[in-house]
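Shown next, in structure tokens, is the structure this report addresses.
Only the coordinates and a few stated rules stand behind these numbers; no lab work does. Since this is a predicted model, take the numbers as computed values, not measurements. Counting neighbours? That spans all protein chains shown, and the Cβs are built from the backbone with ideal geometry, glycine included.
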Amino acid sequence: MCSVEAVLEARACPFCGGEILAKALQCRHCRKWMPEVIAPARPAAAPGFSSGQPLHHLVLLSVFTLGLYEVYWFWRNWRDLRDNVGIDTKPAWRTVGLLVPIVNVAIVYQQLHLVREIATARGVSAPYSPLALTAAFFALALAGNLTLIWLLALLNVFALVPVQQTLNRLWEVEQPGAQLRERFVAHEMAAMVAGVAATAAALLATAG
């Protein structure tokens, strides 16, 4: 077991030079993840279904659940990064943070930034700007709420598509031989049906 002194021992961040704890996974100054966290390759997963997702699944699930699926999507990515890459992401706490205004902006940006850093460290193309996509994601959600044109809010899922594309390429490297699941599973179908039913009920209530 590590002693308290070993845990509290300081070192310099290899990116910005700021002082951080020796056991730190992320720099508290520049917010970059440490090389030992994102660089080592994990053992290849046994062939099966990939952690990736077809892009049209992401879009359809988000639209038909009125955006609620996006919360699950973020949680799923934190979980998969923890289980397959080895980063202690604390998926549950970060998902709760998505429900807190202002905090959720930082959390979304951090995930998009982390995915790009890990992908780049693995030699995977990640041609997107975390800042630009985070801004677009929340701008569309806000536009839908302020203008009462709620369909605008549903378009924010398209800000996540480049991230999912990068994740799909990353999982091809991390999980060689695993196949992309092309069919919706039972709980995904149930979520979409429930979302359609809720939307229909709301429209009928408004019309009545």
For peptides 159-166, 134-141, sequence by mean Cβ density within 10 Å, most packed first:
159-166, 134-141
Rh by Kirkwood over Cα pairs, then Stokes-Einstein D for the range 48-176 at 0.692 mPa s and 37 °C, µm²/s:
220
Note the direction-averaged projected area, equal to a quarter of the hull surface, for the Cα convex hull of the range 101-208, in nm².
8.8
Do any GluC sites (Glu not before Pro) in the range 121-190 lie in a DSSP loop with no more than 10 other beta carbon atoms within 10 Å, and if so, which?
182
What trypsin sites (Lys or Arg not before Pro) does the range 161-196 have in DSSP loop regions with at most 10 other beta carbons within 10 Å?
183
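Can you sort 20, 87 from fewest to most other Cβ atoms within 10 Å of each residue's own Cβ? Spell out each step's value before the answer.
Numbers: 20 20, 87 17.
Starting with the residue having the fewest Cβ neighbours, the order is 87, 20.
From Cα pairs below 8 angstrom and at least 6 apart in sequence, can you work out the relative contact order of the chain, rounded to a whole percent?
Dividing the mean separation by the residue count of the chain yields 27 percent.
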